[in-house]
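Some notes on the structure that comes next.
The values are calculated or read from the model by the stated rules, or taken from the named source; none is laboratory data. None of these values were measured; they are calculated from a predicted model. Ideal geometry is used to build each Cβ from the backbone, glycine not excepted, and the neighbour counts take in all protein chains shown. Only protein heavy atoms, including side chains, enter the accessible area calculation; ligands, DNA and RNA are left aside. Shrake-Rupley method; radii C 1.70, N 1.55, O 1.52, S 1.80 Å.
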Amino acid sequence: MPPPPRDDSRPDRRAFLAGLAGASALAWAGRSMDALARPVRPTDFGDVLTKTIPSTGEAVPVVGMGTWITFNVGDDQALRDHRTGILREFFRRGGRMIDCSPMYGSSAEVLGYGLSRLETTDGLFSASKVWTSWTSGGPEQIGEQRRLWGVDGFDLMQVHNLKNWEGHLETLREMKAEGQVRYIGVTTSHGRRHDELIRVMETQDLDFIQVTYNILDRAVEDRILPLARDRGMAVIANRPYRQKGLFRLFQDKPLPPWAEEQADAVTWADFFLKFIVSHPAVTCAIPATSQLPHLRENMAAATGRLPDEKTRARMAQYVETL
Amino acid sequence: MAVSVTLPYSAEVLQAFLAGYHESIWPAQIAAVLLIAALLVVLARPTPRTTRLPALILTAFWAWVGGVFYMAELTHLSFLATAHGAACLGQAALLLGHAGRGPEPVAQRSRARLSFGIGLLVVALGVYPLGMAVWEGSAAAWRLAGVTPVATALLTLGALILGPGGRWTAGLLGVIPAAVLAWAAFTAWVLA
Ligand SMILES: NC(=O)c1ccc[n+]([C@@H]2O[C@H](COP(=O)([O-])OP(=O)(O)OC[C@H]3O[C@@H](n4cnc5c(N)ncnc54)[C@H](OP(=O)(O)O)[C@@H]3O)[C@@H](O)[C@H]2O)c1
């Protein structure tokens, strides 16, 4: 079924809101300094909010993009060109971080196809993964990902789902020392293997962790997010929409009026993403999409104000009542 | 939920993949259709001299589905394709082993067995591919038995039921095709 038509005039309103937000951001009381995302890189659509990577202080936009399923389109020319359009729009709206994995079928190849056709990929923050049981296969797999993306090196290389993390982290540390990757990390998802993740976080020097975090899946709030803050690790939130699950549950329900008043959340995408990225320990969320209107909505969530602690609690409570 | 971990593509992409697959394997489809016709003839008029033929034809189909459909083609989209391909090659080996056991007596087929077997063949060769084409609004991704897995699994089960072997043979050789159908049902549920 074709997607419902969207209101494309919204970005202008966004830009206005973002301007207001910029002026009022510093005066905004009740927020910790970490939660105060900074607007940078003005685009045609307003400032994109960023957060800093603790290990270096580098800023990244609070909304990036995942590629699981959405970019796995194989050889189909029309679909490849369509996804190139998604990439173009992503950069146009100030996006930077793109996350992929060798597990995602043809996604890396399709990404490389799209990136090579864009006029500019300025600011690309490439995040991929290593996903093999054999330590010796790691460098080869990373090299293959580099070739598919068409990049010289990755900004972030993660151990996918903690698979053979002992072996791969050693490789990644060497690559980082040689300048082949800038940051290293590990990922988990679906709330699995949290105890093991905590052990890894406590014992290893990591720049990033990637975990599932959304308004309904909040298990990481108890121990993992505080630990990431203590250990100075950036946090990427995957499955921010629970794979469409959140939209299925809530899209027919009304957004509360206070969501716009207090956090510039005028769509459910805003509501879900702003909830995630306003957590003080979270650096960014990486929603995946195969549709331009959705991409626009997702990137719009990286503009305007973020909810403060009180509003976050209200948001979580609100979805529980629905 | 584990569902999203197991299926890395969308329905739209699967359809596009199948259309591209048909283009890339052409004219293998002609061979598949001729072999299907031969299979139907042998099943309709079994003689002691032809009892090994169904298993041999099905061996070729499963070897193709395992080696070409899964391991050479779908592997670009799905990390699970290698395992699925291996299971299909296993089925081909089982069928070949069965064919190698020599001729079997042509058994009398009960009315129920005949109806069930023929019903499965009709679904494999007609209802299922036609239904998918109508659903998708295009025949470009035609689910042709012999070169695509679900139609091959349905055809195999029909042939096993109609074929000369007894219940045990059909049961043993039907495990992997039944698993393919179960996976297909799961896939359809996820993609729907
Ligand atoms: N272990 C790991 O390392 C791991 C595990 C899971 C995920 N990840 C990463 O995290 C990324 C995100 O997770 P995910 O893809 O599983 O799930 P997700 O981002 O929560 O959800 C993606 C789904 O949401 C839909 N969607 C996106 N924007 C929308 C909008 N504005 N309105 C309505 N629907 C929208 C998309 O459909 P449309 O295409 O129709 O827009 C897509 O089906 C992945 O792509 C991957 O890069 C990593």
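Model label points for residue A:119 and residue B:185, set 7 angstrom from Cα along the Cα-to-Cβ axis, are 5.3 nm apart. List residues of segment A:155-181, by number, whose backbone nitrogen lies under 19 Å from a label position 7 Å along Cα→C-beta of residue A:202. From segment A:155-181, the list is A:162, A:165-166. Listed by chain and number, the aspartates and glutamates whose C-alpha is less than 16 Å from the C-alpha of residue A:310, apart from same-chain residues fewer than 8 away, are A:34, A:221, A:260, A:261, A:264, A:320.
Placing R0 at 60 angstrom, the Cβ-Cβ distance between residue A:170 and residue B:118 gives a FRET efficiency of 0.50 after rounding to 0.05.
Of all DSSP-defined beta bridges confined to the protein assembly as shown, some 20% are antiparallel rather than parallel.
GNM on chain A, alpha-carbon springs under 10 angstrom: the most fluctuating residue among A:59, A:177, A:300 is A:177.
Three principal axis extents describe the C-alpha atoms of segment A:27-321; from largest down they are 53, 46, 33 Å.
Per-residue ellipticity at 222 nm from helix content only, as computed over the protein assembly as shown with -39500 (n - 2.57) for each DSSP H run of at least four residues, stands at -15500 deg cm²/dmol. Between the beta carbons of residue A:314 and residue B:172, assuming R0 = 45 Å, the FRET efficiency works out to 0.15 to the nearest 0.05. Take the Cα of residue B:93, go 7 Å toward its beta carbon, and the backbone nitrogen atoms of segment B:40-72 under 17 Å from that spot belong to B:59-68, B:71.
Take the Cβ atoms of residue B:127 and residue B:72, set R0 to 35 Å, and the FRET efficiency comes out at 0.80.
Peptides B:64-73, A:271-280 ordered by packing proxy, namely the average of other Cβ atoms within 10 Å per residue, highest first: A:271-280, B:64-73. Along the axis of the charge dipole computed for segment A:192-293 (Cβ charges of +1 for Lys and Arg, -1 for Asp and Glu, origin at the Cα centre), the listed residues A:226, A:243, A:275 are led at the positive end by A:243.
Net charge dipole, the protein assembly as shown: roughly 1520 debye, given to the nearest 20, about the Cα centre with Cβ charges of +1 for Lys and Arg and -1 for Asp and Glu. Across the protein chains, with a 1.4 Å probe defining accessible surface, the residues A:142, B:176 rank B:176, A:142 from largest area downward. Note on segment A:142-234: dipole from Cβ charges, positive end direction compared against A:200, A:213, A:185; the farthest Cα belongs to A:213.
Each part gets one Cα centre, and for segment B:115-189 versus segment B:1-66 those centres are 9 Å apart.
Magnitude of the charge dipole for segment A:149-273, about its Cα centre and with charges confined to Cβ atoms of Lys, Arg (+1) and Asp, Glu (-1), is about 460 debye.
When its C-alpha radius of gyration is set against 2.2 N^0.38 Å (N residues), the protein assembly as shown gives a value of 1.13.
Taking only the C-alpha atoms of segment B:11-191, the Rg (one decimal) and the largest Cα-Cα distance, Dmax (whole number), read 15.8, 47 Å. Each label point was placed 7 Å from the Cα along the Cα-to-Cβ direction; for residue A:251 and residue A:218 their separation is 2.4 nm. Averaged over peptide A:68-76, the number of partner chain Cβ atoms lying within 10 Å of each residue's Cβ comes to 6. Taking A:99, A:222, A:217 and ordering them by how much accessible surface each has at a 1.4 Å probe, largest first, produces A:222, A:217, A:99.
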